[in-house]
Amino acid sequence: MSRDRHYLDHAASSPLTTSAAEAMAEWVAVAGNPSSLHTSGRRARAGVEQARESLAADLGCHPSEIVFTSSGTEADNIAVIGSWRARRADRNRVLTTAVEHPAVFEAAGSLRAEGADVTLLGVDAHGVVDPEAAAEALTTPTAVASLQWVNNETGVVQDVARWAQLCRTRGAWSHSDAVQACGHVPLDFAASGLDLMSVSAHKVGGPVGIGALVLRRDVTPLPLSHGGGQERQLRSATVPVALVAGFAAAMRDAVARLEVERERLTRLGEDLVQRVVSSVPDVTVNGAGAERSPAIVNLGFAGVRADDLLMLLDLAGIDCSTGSACTAGVSRPSEVLIAMGRTEAEAGAALRFSFGPDTGQADIDALCAALPEAVSRARAALR
């Protein structure tokens, strides 16, 4: 990233790490389909399985529990849609929350057309799901219940282990979109008690175009696409060796530096909040009353349109976001913040600043220097 730009949008996509690029370079020109039986095919298969074993060690699961997908979105769709279709005869409910990533929220919503009972749990003002409400909802036979581990807009961390336990007592398969948790909070699939978990490479400095669904060996969603059944008869397509190698390398680095990065990014986030709150009037830290990922700070600026403020910061060399990049180009208030009780005006006046390995003090300093004038100009535009 050029130093005339300050990239604070890692929750949308984190730049490819050197180790991931090097791992990919070893495989990008290698011939051989991992499903072929000849020598080149077996070599490619070895590369896939090495990556699978590496990821399993970093995610706390068995290698056979990893199904490679094209993205976290595809993994979420298989988990939600495939699980409901596999269990719909006896368990018609899909349970999730009002603050999920669109990959889960929209996937669940699409099942209404097939007759699913889609139930959305609300959250409190800090963005946290009430476990008692979840327990009550699970009294209705539920096929799958999905809870995001770390919210992609606010960074709020949910109690996934408790969610998984509640689901297990009621026979529901538990799923978590852990895309934003990777590299920022400790992940251990086995210890979590989850049945399914989605992850993605490009959020941890791996390549775009590869993700994974982690699922217990006795959990069997129906596939959403059909073909050769390369990944546990659940996901068909030739596995891209270079991409999975880059994924594994990026995840290995992210896990190795997790604790050091958590401390470093926590300090940067605290510095940002303290300086902005003291220099800009009427600022709200969204999710402040909950446990949050150190990699995401969501700030509400009263009296602005978030798009106006984002463009003013962009002119000042700051890259940030109004929310999920998966709703980019759609001018509407954050549904996550509305679910947290914010008004439409408040939900439409928030920006997300998200950090990664290349985020440093200079980036925070540049943002803090640019914000007061940018907010003042954005507010003036609405007067």
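Residues in region 109-126 that are more than 18 Å from Val150 (Cα to Cα), assigned to a loop (DSSP other than H, G, I, E, B) and in contact with a helix residue (DSSP H, G or I) (Cβ under 7 Å, 6 or more places away or on another chain): Ala116 alone.
Selection of region 330-371 for residues being open to solvent by 10 Å² or more (accessible area, probe 1.4 Å), over 16 Å from Thr284 (Cβ atoms) and out of contact with any Phe, Trp or Tyr (no Cβ under 9 Å at 6 or more places or on another chain) yields Val330, Ser331, Arg332, Pro357, Gly360, Gln361, Ala362, Asp365, Ala366, Cys368, Ala369, Ala370.
Mind listing whichever residues of region 226-249 are of a type in the set (D, E, K, R), within 23 Å of the chain's Cα centre (by Cα) and open to solvent by 20 Å² or more (accessible area, probe 1.4 Å)?
Residue satisfying the conditions is Arg235 alone.
Scanning region 84-119 for residues that are of a type in the set (A, V, I, L, M, F, W, C), within 21 Å of the chain's Cα centre (by Cα) and within 19 Å of Leu196 (Cα to Cα) returns Val94, Leu95, Val99, Ala103, Val104, Phe105, Ala107, Ala108. Out of Ala133, Ala181, one residue alone is in contact with a strand residue (DSSP E or B) (Cβ under 6 Å, 6 or more places away or on another chain), among the small types (Gly, Ala, Ser) and surrounded by fewer than 18 Cβ atoms within 10 Å (Cβ to Cβ). It is Ala133. Close contacts from region 333-362, counting a first residue that is touching a residue at least 12 places away in the same chain (Cβ under 8 Å) and under 26 Å from Thr17 (Cα atoms) and a second that is open to solvent by 60 Å² or more (accessible area, probe 1.4 Å) and of a type outside the set (Asp, Glu), with Cβ to Cβ under 7 Å and a gap of 6+ residues or different chains, come to Asp358/Met1. Of the residues Glu49, Glu22, the single one that is open to solvent by less than 60 Å² (accessible area, probe 1.4 Å) and charged (D, E, K, R) is Glu49.
Under the condition of being outside any loop (DSSP other than H, G, I, E, B) and open to solvent by 10 Å² or more (accessible area, probe 1.4 Å), the residues counted in region 285-299 number 2. Here Val80 passes the criteria (1) modelled with pLDDT under 95; (2) surrounded by 15 or more Cβ atoms within 10 Å (Cβ to Cβ); (3) not small (Gly, Ala, Ser) except the one numbered (1).
Being surrounded by 20 or more Cβ atoms within 10 Å (Cβ to Cβ) and either among the hydrophobic types (A, V, I, L, M, F, W, C) or more than 22 Å from the chain's Cα centre (by Cα) (or both) is the filter here, so list the residues in region 269-284 that pass it. Scanning region 269-284 gives Leu272, Val276.
Assuming Val214 fulfils every condition listed in (1) more than 17 Å from the chain's Cα centre (by Cα); (2) part of a strand (DSSP E or B) apart from one, which condition is it? Result: Val214 passes all but (1).
Would region 294-304 turn up any residue that is touching a His at 6+ places or on another chain (Cβ under 7 Å) and at negative phi? Yes, because at least one residue in region 294-304 is touching a His at 6+ places or on another chain (Cβ under 7 Å) and at negative phi. The test for being out of contact with any Gly (no Cβ under 6 Å at 6 or more places or on another chain), hydroxyl-bearing (Ser, Thr, Tyr) and either open to solvent by less than 10 Å² (accessible area, probe 1.4 Å) or not in a loop (DSSP other than H, G, I, E, B) (or both) does not hold for Ser198. Look at region 230-258: where a residue is under 23 Å from Gly205 (Cα atoms) and charged (D, E, K, R) and a partner is open to solvent by 10 Å² or more (accessible area, probe 1.4 Å) and in a helix (DSSP H, G or I), sitting 6+ places away or on another chain with Cβ atoms under 8 Å, you get Arg252/Ser19; Arg252/Ser54; Arg252/Asp58; Asp253/Ser19.
Pairs are defined by a Cβ separation below 7 Å, a sequence spacing of at least 6 or placement on different chains, a first member in region 123-146 that is closer than 18 Å to Arg168 by Cβ and touching a residue at least 12 places away in the same chain (Cβ under 8 Å), and a second member that is part of a loop (DSSP other than H, G, I, E, B) and among the hydrophobic types (A, V, I, L, M, F, W, C); the pairs so defined are Val129/Leu147; Leu138/Ala172; Thr142/Ala172; Ala143/Ala172; Val144/Ala172; Ala145/Leu138; Ala145/Ala172. Residues that are without any contact (Cβ under 8 Å) to a residue 60 or more places away in the chain and either in contact with a Lys or Arg (Cβ under 7 Å, 6 or more places away or on another chain) or under 24 Å from His101 (Cβ atoms) (or both) within region 274-313 comprise Val285, Leu299, Gly300, Ala306, Asp307, Leu310, listed in sequence order. Filtered by the rule that a residue be touching a His at 6+ places or on another chain (Cβ under 8 Å) and not in a loop (DSSP other than H, G, I, E, B), region 331-383 gives Ser354, Ala362, Asp363, Ala366, Leu367.
The values are calculated or read from the model by the stated rules, or taken from the named source; none is laboratory data. Model, not experiment: these values are computed from the prediction. Reconstructed Cβ throughout: ideal geometry from the backbone, glycine too, with neighbour counts over all protein chains shown. These accessible areas exclude ligands, DNA and RNA; they are computed on the full protein's heavy atoms, side chains included. Shrake-Rupley method; radii C 1.70, N 1.55, O 1.52, S 1.80 Å.
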